[in-house]
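J.: Got a structure for you, written out below as structure tokens; questions coming shortly.
Derivation of every value follows stated rules applied to the coordinates shown; laboratory data play no part. The structure displayed is predicted, hence computed values, not measured ones. Note that each Cβ is placed from the backbone with ideal geometry, even for glycine, and that neighbours are counted across all protein chains shown.
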Amino acid sequence: MKYASVPLNQNQNGWLKPDLRPTVYPTLIGDTEADWVVVGCGFAGISFARRLANHDPKLKIIIVDAACAAESSSARNSGFIIGLPHNIGSSTAELKKAQSYRSLLQEGINQLTQQIEQQGIECEWENAGKYHCQVDAANQRVLKEYTDNLDAMNEPYQIMDKEALYRKLGTRFYNKGIYTPSSILVNPASLIVGLANNLPDNVTMYNHTPVMAIRHGSVTQVVTPFGTIRTANVMLATNALSRELAPVTSQQAAMATFASITAPLTAEQRQKLPTMSSWGLTPVNAIAGATVRYTQDHRFLIRQHVTPALNGRITAAQTYQATLLHQQIFNKIYPQLRDVPLTSTWSGTISVTRNGAPVWGELKKGIYTAGGCNGAGVSKQTIAGTLLADYALGIDHPLIGAMQELGKANYLPPSPVLDIAIGVSLMKERYLGRKEV
Ligand SMILES: Cc1cc2nc3c(=O)[nH]c(=O)nc-3n(C[C@H](O)[C@H](O)[C@H](O)COP(=O)(O)OP(=O)(O)OC[C@H]3O[C@@H](n4cnc5c(N)ncnc54)[C@H](O)[C@@H]3O)c2cc1C
């Protein structure tokens with residue numbers, strides 16, 4: 001039997017503050033039974049389990065994770081909660097799809113807002129909007145397409161030139177930017193840990209319990225190193241990870257991306273910048289360019305570099321290469337802050353599908369999944385998990401149709417063809433975005 005390759009990041013998540021003490025959940029030891037087993041405690045798994053548990057408090061639901069919520073990509077991301085689709089296209093059908101997608105993302109945000117209010121989760125949540133910025137002064141096409149999309153969606157925005165951006169961001173690195181007010185910034189680790197710690201009573205959590213295999217039969221068996229769970233239903237909330245667990249050909253590729261954070265700026269260092277409140281910036285080219293944030297506690301975050309990670313493993317050497325790259329980029333963006341050190345670099349995996357569609361629904365009798373985040377998953381995976389619970393229980397929800405309208409992910413070839421295809425596509429994006437770093 002082929003066992004699952006369990007994800008591992010050889011680095012520390014820089015969002016974890018010393019005062020954030022994630023609850024320690026036990027490892028599963030011994031055999032047990034459940035009505036549902038949820039594999040993975042990121043946004044998809046947590047929202048799915050909560051919804052299922054609230055619908056039927058008599059269900060016995062178990063969540064298992066190879067590590068824990070604080071180590072998931074849900075805790076390791078850049079903390080943008082985005083309510084707008086990025087690429088829309090020009091046809092009426094594409095616009096309709098984009099509108100459905102926006103409704104899904106907005107509902108994901110509504111659900112997260114409710115949770116943090118009801119459970120008093122402190123996660124530095126702020127309606128800060130975001131700047132979408134371009135370095136290359138000569139290329140007018142990309143941002144024009146972006147504003148055309150915003151016009152088509154009837155979304156407000158503000159066009160900003162180099163000097164206007166300097167006043168907000170303290171750098172003249174970018175030549176042009178578009179500010180949209182409808183994005184939220186958070187500390188993602190505080191958010192996902194808070195959500196995981198506030199699940200209904202009929203959900204039991206096991207951490208450091210990797211699922212090595214799923215045996216299908218009259219009763220499904222979820223095999224972990226020190227105990228097997230007999231169940232009727234499994235939800236794979238693993239995004240693209242542990243491909244060996246999915247009962248059908250994988251339509252997702254796991255890629256890793258990296259983030260670094262600086263030490264908090266001293267009062268003296270802050271004098272080298274205009275007076276700034278916290279903000280978030282996304283690059284026009286997400287593969288080559290850098291996502292940047294200035295946090296409430298005066299630190300800079302840089303997210304940049306994407307690499308294949310089909311088994312979800314990132315080594316210390318890969319992490320160190322990212323540190324060097326991020327330091328170089330930070331020095332370019334903020335030459336006046338060369339004395340500000342990076343204090344942490346970490347990685348996390350994202351799922352990429354060939355056509356950008358999610359992998360959502362029942363894969364085989366009793367095996368469900370909500371994967372295929374395509375790089376943005378805080379709001380998307382939250383709503384995908386919630387709707388999947390409704391769908392699995394046969395409960396109608398007006399947005400299930402919108403979820404299905406996003407389409408189905410296309411076939412991806414197995415390795416080594418897949419590895420070559422990913423390598424070529426990354427090379428192409430890096431070339432196209434070479435002026436953005
Ligand atoms: C550096 C970085 C920056 C990002 N920035 C943003 C952003 O700003 N905004 C945004 O919306 N998205 C962002 N993303 C993407 C976002 O983090 C993901 O879309 C989201 O975390 C996916 O959530 P999920 O619940 O589907 O999966 P995950 O958060 O990946 O959770 C999957 C869980 O499954 C577990 N698992 C896997 N295999 C097994 C197994 N065999 N047994 C048991 N458990 C297993 C893992 O341990 C993990 O905890 C970013 C990602 C990264 C890495």
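J.: At 7 Å along the Cα-to-beta-carbon direction for both ALA213 and GLU155, put a label point, then send me their distance in nm to one decimal.
T.: The answer from the label model is 4.6 nm.
J.: To continue, here is another question. Order these by the 10 Å Cβ neighbour count, fewest first: ASP35, ASP396.
T.: The order, fewest Cβ neighbours first, is ASP396, ASP35.
J.: Another question, then. Along the positive direction of the dipole of the chain (beta-carbon charges: Lys, Arg +1; Asp, Glu -1; about the Cα centre), which of PRO335, THR295, PRO225 reaches farthest?
T.: Value: PRO335.
J.: Oh, and also: Please say if the stretch 135-187 is rounded, prolate or oblate, where rounded means a/c under 1.5 for a ≥ b ≥ c the square roots of the C-alpha gyration tensor eigenvalues, and otherwise the choice is prolate for a/b larger than b/c and oblate otherwise?
T.: oblate
J.: Answer with one residue from SER78, GLN12, ALA53: the one whose Cα lies farthest towards the positive end of the charge dipole of the stretch 1-86, charges on Cβ with Lys, Arg +1 and Asp, Glu -1.
T.: The one lying farthest along the dipole's positive direction is SER78.
J.: Follow-up. Need one number: the % of Cα-Cα pairs in the stretch 292-354 sitting beyond the 19 Å mark.
T.: Roughly 38 percent, once rounded to a whole number.
J.: Here is a follow-up. Could you work out how far the C-alpha centroid of the stretch 408-437 sits from that of the stretch 73-136, in angstrom?
T.: Computed from Cα coordinates, the inter-centre distance equals 25 Å.
J.: About its Cα centre, how strong a charge dipole does the stretch 181-314 have in debye, to the nearest 20, once Lys and Arg get +1 and Asp and Glu get -1 at the Cβ?
T.: Roughly 200 debye for the stretch 181-314.
J.: Sticking with this structure for a sec: Hey, got a sec? Which trypsin sites (Lys or Arg not before Pro) in the stretch 85-192 land in a DSSP loop and have at most 15 other Cβ atoms within 10 Å?
T.: ARG172
J.: Apply the a/c threshold of 1.5 to the C-alpha gyration tensor of the stretch 1-59 and tell me whether it is rounded, prolate or oblate.
T.: Oblate.
J.: Using packing as a proxy for protection, rank 67-76, 325-334 so that the peptide with the highest average count of other Cβ atoms within 10 Å comes first.
T.: 67-76, 325-334
J.: Now for a different question. Quick check: pseudo-label points 7 Å beyond the Cα along Cα→Cβ at ALA137 and TYR166, how many nm apart are they?
T.: So the label points at ALA137 and TYR166 sit 1.2 nm apart.
J.: To continue, here is another question. Using amide H atoms built 1.01 Å from N in the peptide plane, name the residues 5+ places from LEU363, or on other chains, whose amide H lies under 5 Å from its own.
T.: TYR368, THR369
J.: Counting Lys +1, Arg +1, Asp -1, Glu -1, what net charge surrounds ILE229 among other residues with beta carbon under 15 Å of its beta carbon?
T.: For residues surrounding ILE229, the net value is -1.
J.: Starting from the 7 Å offset along Cα-to-Cβ, what nm value, one decimal, do you get for the label separation of LYS58 and GLN336?
T.: About 6.6 nm separates the two model spin labels.
J.: Okay, moving on. Please list 3J(HN,Hα) in residue order for the stretch 150-166, calculated via the Karplus relation 6.51 cos²θ - 1.76 cosθ + 1.60 where θ = phi - 60°; whole Hz, with x for glycine and proline.
T.: Those phi angles translate into 5, 4, 4, 8, 6, 9, x, 7, 9, 8, 10, 8, 4, 6, 4, 5, 4 Hz.
J.: Apply the Karplus parameterisation 6.51 cos²θ - 1.76 cosθ + 1.60, with θ equal to phi minus 60°, to every residue of the stretch 28-37 and state each ³J(HN,Hα) to the nearest whole Hz, in sequence, with x for glycine and proline.
T.: Here the 3J(HN,Hα) series is 5, 10, x, 7, 8, 10, 8, 6, 9, 10 Hz.
J.: Still on this model: Nothing charged except the Cβ atoms of Lys and Arg (+1) and of Asp and Glu (-1): what's the magnitude of the dipole of the chain about its Cα centre? Round to the nearest 20 debye.
T.: Dipole size: approximately 1020 debye.
J.: While we're looking at this one, here's another question. State to the nearest 20 debye the size of the charge dipole of the stretch 79-173 about its Cα centre, where the only charges are +1 on K and R beta carbons and -1 on D and E beta carbons.
T.: I would put it at about 320 debye.
J.: Taking LYS380 as the anchor, which lysines have their alpha carbon closer than 17 Å to its alpha carbon, excluding any fewer than eight residues away along the same chain?
T.: The qualifying lysines are LYS97, LYS408.
J.: Could I ask something else about it? Can you list the lysines whose alpha carbon is less than 20 Å from that of LYS435, not counting same-chain residues fewer than 8 positions off?
T.: List returned: LYS144, LYS162, LYS176, LYS332.
J.: Further, regarding this structure: Less than 12 Å Cβ to Cβ from GLN158, Lys/Arg counted +1 and Asp/Glu -1: what total charge do the surrounding residues give?
T.: The answer is +1.
J.: Okay, next question. Residues in the stretch 393-411, backbone N under 16 Å from the label point at ALA93 (7 Å along the Cα-to-beta-carbon vector): list them, ranges by number please.
T.: Counting backbone N atoms under 16 Å from the label point, the list is 404-410.
J.: Given R₀ = 45 Å, what would the calculated FRET efficiency be for GLN221 paired with ALA316, taking r from the Cβ atoms and rounding to 0.05?
T.: My answer for the efficiency is 0.80.
J.: Strictly over 32 Å apart at the Cα level, which of LYS58/LYS365; LYS17/LYS272; LYS17/LYS365; LYS364/LYS428; LYS2/LYS365 would you flag in this model?
T.: Among LYS58/LYS365; LYS17/LYS272; LYS17/LYS365; LYS364/LYS428; LYS2/LYS365, the Cα-Cα distance tops 32 Å for LYS17/LYS365; LYS364/LYS428.
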